[in-house]
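K.L.:
My questions all concern the structure below.
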Amino acid sequence: MSIYNPTTCPPAEGIDIPAIRAKYLAERDRRLKRDANDQYVPTSGKYADIYEKDPYNPVVPRDPILGETDVVILGGGYCGMMVAAQLKMAGIEDIHNIDHAGDFGGTWYWNRYPGIQCDNDALCYMPLLEETGYMPSKKFADGIEIQKHCRIIAEKYGLYDTALFHTLITSLKWDPEISRWHVGTNRGDDIKARFVVLAMGPLNKPKLPGIRGMDDFKGKMFHTARWDYEYTGGEWGRPELEKLKDKRVAIIGTGATAVQVVPYLGKYAKQLYVIQRTPSTIDFRNNRETDPEWYWSQEPGWQDRRIANFHRAAMERIAPRDIDMVEDIWTEISRNCAAELEAEGWPDETPEQYAARREVMDYRVMERLRARVDEMVDDPETAEALKPYYRYLCKRPCSNDDFYPTFNRPNVKLIDVAETQGLERLTEHGFVHKGEEYEIDCLIFASGYEVTNDLDRRWGIETIEGADGVSIYDYWREGFKTFQGMMAHGFPNMFFTGFTQAGANATNSKTFIDQGRHIGYIASEALKRGAAVIEPTQEAQDAYIAHLRSVAVDNSEYVNSCTPSYFNNEGDETKKRHIFGEPWGEGYYAFEAMLAKWRDDGALAGLRLTKEDELEPAE
């Protein structure tokens with residue numbers, strides 16, 4: 001009996017893979033736009049309130065902070081919280097988490113739209129479950145529950161005591177005379193920080209589609225990241241949108257957010273138009289409740305083991321006789337391949353042979369998912385438009401049991417804009433598509449975030465200047481230049497997180513925890529050794545980048561064949577940065593082993609430490 005639960009997919013013999021591959025490329029080309037990322041409008045200038053204003057909690061007045069601190073962490077979401085917790089565990093207490101939200105949570109603070117849940121297994125995704133003694137209620141936890149857990153983490157590690165909410169960073173400038181970072185904010189602060197950690201996370205700034213006539217529309221408009229329950233009715237955690245019963249609503253986007261929102265809009269709105277460029281892959285949800293007896297019987301270290309298992313299944317391959325603990329949309333292809341290999345007696349396969357097997361399974365899984373659309377959507381034309389034609393991980397996989405049936409409602413209409421590459425324009429009363437005007441009362445943007453735009457636009461910080469006044473935006477203009485993905489020569493006492501030139505785990509929060517641990521080690525060692533300044537040498541940084549690139553995996557052919565999305569810079573092959581940066585090609589756990597060995601050595605190899613009495617006097 002197999003230890004795996006493979007899905008039932010059409011046999012490879014019944015799929016014309018060359019024809020499907022050609023179809024994938026044709027569908028990609030229909031959606032390619034010359035302006036790539038520039039087709040989107042930043043939430044700045046006249047649209048700044050969409051990003052900067054908090055519609056949920058009032059801003060509490062406070063006096064500017066002008067003193068010193070050991071660490072300023074930019075961000076209060078998962079990334080900023082994980083770094084802060086690890087710094088606390090490393091013995092560093094004088095910390096400010098700074099965020100323009102009104103509480104901890106990051107994306108889980110801002111996003112309160114109806115239907116919001118995590119799309120990853122909560123037992124992996126929700127961090128520090130063992131440390132907080134918290135049990136997620138179900139496999140894909142609701143957003144309100146995740147934000148509650150964020151508050152539990154913040155309370156456990158004492159992060160509220162020094163957190164600065166409703167505060168936007170406006171400038172970071174290195175001051176060599178005092179060996180501190182000047183942290184300027186919109187609240188008049190000038191905080192002198194020994195260390196600064198950029199931990200804003202990858203999904204922090206909403207973006208808007210660049211539609212002609214945006215300023216002409218006189219109805220209601222808002223982004224899903226700032227849901228307006230006062231207009232729609234209902235509230236966070238109670239998505240009963242009763243105020244939409246006489247409203248004509250359009251939502252732009254059919255990505256991960258819209259897949260969760262659309263069923264609620266379809267249920268409550270008088271009329272709903274779903275405006276789609278590229279359909280998502282949408283599987284069954286199977287959102288089962290967590291079994292308390294099973295949960296509390298787990299041995300210590302269970303969450304790290306589950307995360308490692310999930311990472312192998314989602315990003316690498318399942319080892320012989322290793323089970324798939326998660327068994328969902330993210331692990332299906334690897335699980336199905338493992339079931340085949342098990343049936344064949346686990347033959348030895350080269351990486352190239354396994355990649356070929358996985359590619360065939362990719363086509364089979366996508367055929368299964370396209371067939372699911374036909375099974376659930378009554379209208380053949382609508383069903384065909386909702387079918388995804390691309391490789392499985394070209395877009396973020398989704399799961400939802402109610403999205404497809406929503407299109408069987410008489411008040412719901414799909415507006416497919418692949419052929420026209422977007423709406424023609426907005427008018428005072430609605431939108432125009434293929435020459436026809438559709439009148440609406442409300443336009444909702446499910447258009448995502450600034451993930452792959454230039455860093456100054458993504459981060460929204462006007463000035464970040466290191467030694468000699470060098471801007472990080474100029475320094476990284478042609479791509480990342482780091483040591484271990486977390487420090488950069490010329491930017492002393494500054495740390496970076498997320499997707500730069502480091503390992504990337506399938507569970508983001510795990511990446512942030514491990515980066516926080518490494519940053520905490522370096523910062524605490526600098527303090528213990530009396531160093532005022534710590535930064536990588538140019539030689540060490542160059543050597544690190546050279547090795548990183550020598551072990552890199554070239555997946556550009558796969559990425560460039562994908563339909564345009566934030567996963568491939570909207571099809572812009574000239575872009576210098578990818579959403580996942582330049583990941584360590586030998587794998588996440590090989591990267592972590594390398595860092596652990598480096599820490600165990602204790603020499604801080606590659607870093608230059610300068611003590612107070614060794615600093616050159618200011619001119």
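K.L.:
Do you know which of the residues in region 402-438 that are part of a strand (DSSP E or B), over 29 Å from the mean Cα position of the chain (by Cα) and of a type outside the set (D, E, K, R) is nearest to Tyr264 (Cα to Cα)?
P.N.:
Among residues in region 402-438 that are part of a strand (DSSP E or B), over 29 Å from the mean Cα position of the chain (by Cα) and of a type outside the set (D, E, K, R), the one nearest to Tyr264 (Cα to Cα) is Val412.
K.L.:
Additional query: In this structure, does Arg335 turn out to be basic (Lys, Arg), touching an Asp or Glu at 6+ places or on another chain (Cβ under 6 Å), open to solvent by less than 40 Å² (accessible area, probe 1.4 Å) and touching a residue at least 12 places away in the same chain (Cβ under 8 Å)?
P.N.:
The answer is yes for Arg335.
K.L.:
Which condition number does Ala356 fail, the rest of (1) among the aliphatic types (A, V, I, L, M); (2) within 17 Å of Leu129 (Cβ to Cβ); (3) surrounded by fewer than 18 Cβ atoms within 10 Å (Cβ to Cβ) being met?
P.N.:
Answer for Ala356: the failing condition is (2).
K.L.:
As an exercise: evaluate Ala48 against (1) of a type in the set (Gly, Ala, Ser); (2) assigned to a helix (DSSP H, G or I); (3) at pLDDT 95 or above and give the number of the one condition it does not meet.
P.N.:
Ala48 satisfies all of (1) of a type in the set (Gly, Ala, Ser); (2) assigned to a helix (DSSP H, G or I); (3) at pLDDT 95 or above except (3).
K.L.:
State yes or no: is Glu155 open to solvent by 30 Å² or more (accessible area, probe 1.4 Å), of a type in the set (Asp, Glu), within 26 Å of the chain's Cα centre (by Cα) and under 21 Å from Ala308 (Cβ atoms)?
P.N.:
No, not satisfied.
K.L.:
Need the failing condition index for Pro583 against (1) within 30 Å of Ala26 (Cα to Cα); (2) assigned to a helix (DSSP H, G or I); (3) touching a residue at least 60 places away in the same chain (Cβ under 8 Å), just the number.
P.N.:
Single failed check for Pro583: (2).
K.L.:
Looking at region 232-251, is at least one residue in contact (Cβ under 8 Å) with a residue 24 or more places away in the chain, in contact with a Cys (Cβ under 9 Å, 6 or more places away or on another chain) and in a helix (DSSP H, G or I)?
P.N.:
Yes - at least one qualifying residue is present in region 232-251.
K.L.:
Next question, about the same structure. In region 439-471, how many residues are of a type outside the set (A, V, I, L, M, F, W, C) and at pLDDT 90 or above?
P.N.:
So the answer is 10.
K.L.:
Pull up region 307-326, narrow it to residues that are open to solvent by 20 Å² or more (accessible area, probe 1.4 Å) and touching an Asp or Glu at 6+ places or on another chain (Cβ under 9 Å), then point me to the one that is nearest to Ser137 (Cα to Cα).
P.N.:
In this case the residue turns out to be Met325.
K.L.:
Among the residues of region 408-457, count how many are over 25 Å from Ala48 (Cβ atoms), surrounded by fewer than 19 Cβ atoms within 10 Å (Cβ to Cβ) and small (Gly, Ala, Ser).
P.N.:
The total comes to 2.
K.L.:
On the given criteria, is Gly490 buried (at least 21 other Cβ atoms within 10 Å of the Cβ) and either part of a loop (DSSP other than H, G, I, E, B) or at pLDDT 95 or above (or both)?
P.N.:
no
K.L.:
Select from region 304-358 the residues that are in a helix (DSSP H, G or I), among the basic types (Lys, Arg) and farther than 19 Å from Phe591 by Cα and list them in ascending order.
P.N.:
Arg335, Arg357, Arg358
K.L.:
Pull up region 201-253, narrow it to residues that are acidic (Asp, Glu) and under 25 Å from Gln147 (Cβ atoms), then point me to the one that is least open to solvent (accessible area, probe 1.4 Å).
P.N.:
Result: Asp228.
K.L.:
Regarding region 363-386, can at least one residue be identified that is at pLDDT 95 or above, open to solvent by 30 Å² or more (accessible area, probe 1.4 Å), of a type outside the set (Gly, Ala, Ser) and not in a helix (DSSP H, G or I)?
P.N.:
yes
K.L.:
Let me ask another. I need the full set of residues from region 134-148 which are open to solvent by less than 20 Å² (accessible area, probe 1.4 Å) and either assigned to a loop (DSSP other than H, G, I, E, B) or under 21 Å from Phe284 (Cβ atoms) (or both), in order please.
P.N.:
Within region 134-148, Pro136, Lys139, Phe140, Ala141, Gly143 qualify.
K.L.:
Follow-up. Check Ala531, Ala540, Ala506 and return the single one that is in contact with a Phe, Trp or Tyr (Cβ under 7 Å, 6 or more places away or on another chain) and over 20 Å from Leu203 (Cβ atoms).
P.N.:
Being in contact with a Phe, Trp or Tyr (Cβ under 7 Å, 6 or more places away or on another chain) and over 20 Å from Leu203 (Cβ atoms) holds for just one of Ala531, Ala540, Ala506, which is Ala540.
K.L.:
Test each condition in (1) surrounded by fewer than 24 Cβ atoms within 10 Å (Cβ to Cβ); (2) more than 16 Å from Phe496 (Cα to Cα) for Tyr113 and report the one that comes out false.
P.N.:
For Tyr113, the failing item is (1).
K.L.:
Which residues, taken from region 1-13, are open to solvent by 50 Å² or more (accessible area, probe 1.4 Å) and not in a helix (DSSP H, G or I)?
P.N.:
Scanning region 1-13 gives Met1, Ser2, Ile3, Asn5, Pro6, Thr8, Pro11.
K.L.:
Please find, within region 572-587, the residue that is surrounded by the most Cβ atoms within 10 Å (Cβ to Cβ) out of those that are out of contact with any helix residue (DSSP H, G or I) (no Cβ under 7 Å at 6 or more places or on another chain) and at pLDDT 80 or above.
P.N.:
Among residues in region 572-587 that are out of contact with any helix residue (DSSP H, G or I) (no Cβ under 7 Å at 6 or more places or on another chain) and at pLDDT 80 or above, the one surrounded by the most Cβ atoms within 10 Å (Cβ to Cβ) is Pro583.
K.L.:
Taking the criterion of being among the β-branched types (Val, Ile, Thr), modelled with pLDDT under 90 and not in a helix (DSSP H, G or I), would at least one residue in region 562-571 satisfy it?
P.N.:
no
K.L.:
Another question about this same structure. Inspect region 396-407 for any residue being out of contact with any helix residue (DSSP H, G or I) (no Cβ under 6 Å at 6 or more places or on another chain), among the basic types (Lys, Arg) and under 27 Å from Pro263 (Cβ atoms) and give the result as yes or no.
P.N.:
no
K.L.:
So which of Phe512, Phe480 ends up being touching a Ser or Thr at 6+ places or on another chain (Cβ under 7 Å) and part of a helix (DSSP H, G or I)?
P.N.:
Being touching a Ser or Thr at 6+ places or on another chain (Cβ under 7 Å) and part of a helix (DSSP H, G or I) holds for just one of Phe512, Phe480, which is Phe512.
K.L.:
Output the number of residues of region 62-82 satisfying the condition of being open to solvent by less than 20 Å² (accessible area, probe 1.4 Å) and assigned to a loop (DSSP other than H, G, I, E, B).
P.N.:
Residues meeting the conditions: 3.
K.L.:
On the given criteria, is Thr257 touching a Ser or Thr at 6+ places or on another chain (Cβ under 6 Å) and buried (at least 20 other Cβ atoms within 10 Å of the Cβ)?
P.N.:
Criteria met by Thr257.
K.L.:
Quick check, is Thr507 of a type outside the set (Phe, Trp, Tyr), open to solvent by 10 Å² or more (accessible area, probe 1.4 Å), in contact with a Cys (Cβ under 7 Å, 6 or more places away or on another chain) and in contact (Cβ under 8 Å) with a residue 24 or more places away in the chain?
P.N.:
Here the answer is no, as Thr507 does not meet what is asked.
K.L.:
Can you give me the number of residues within region 14-61 that are open to solvent by less than 30 Å² (accessible area, probe 1.4 Å) and without any contact (Cβ under 8 Å) to a residue 24 or more places away in the chain?
P.N.:
Going through region 14-61 one residue at a time, the tally reaches 1.
K.L.:
Another question, then. Which residue out of Asp600, Asp554 is farther than 30 Å from Ala418 by Cα, surrounded by fewer than 16 Cβ atoms within 10 Å (Cβ to Cβ) and either at pLDDT below 95 or not small (Gly, Ala, Ser) (or both)?
P.N.:
From the options Asp600, Asp554, the qualifying one is Asp600.
The values are calculated or read from the model by the stated rules, or taken from the named source; none is laboratory data. Owing to the predicted nature of the structure, the values given are computational and were not obtained by experimental measurement. Don't worry about glycine lacking a Cβ; one is built from the backbone with ideal geometry, like all the others, and counts go over all protein chains shown. Heavy atoms of the whole protein, side chains included, go into the accessibility calculation; ligands, DNA and RNA do not. Shrake-Rupley method; radii C 1.70, N 1.55, O 1.52, S 1.80 Å.
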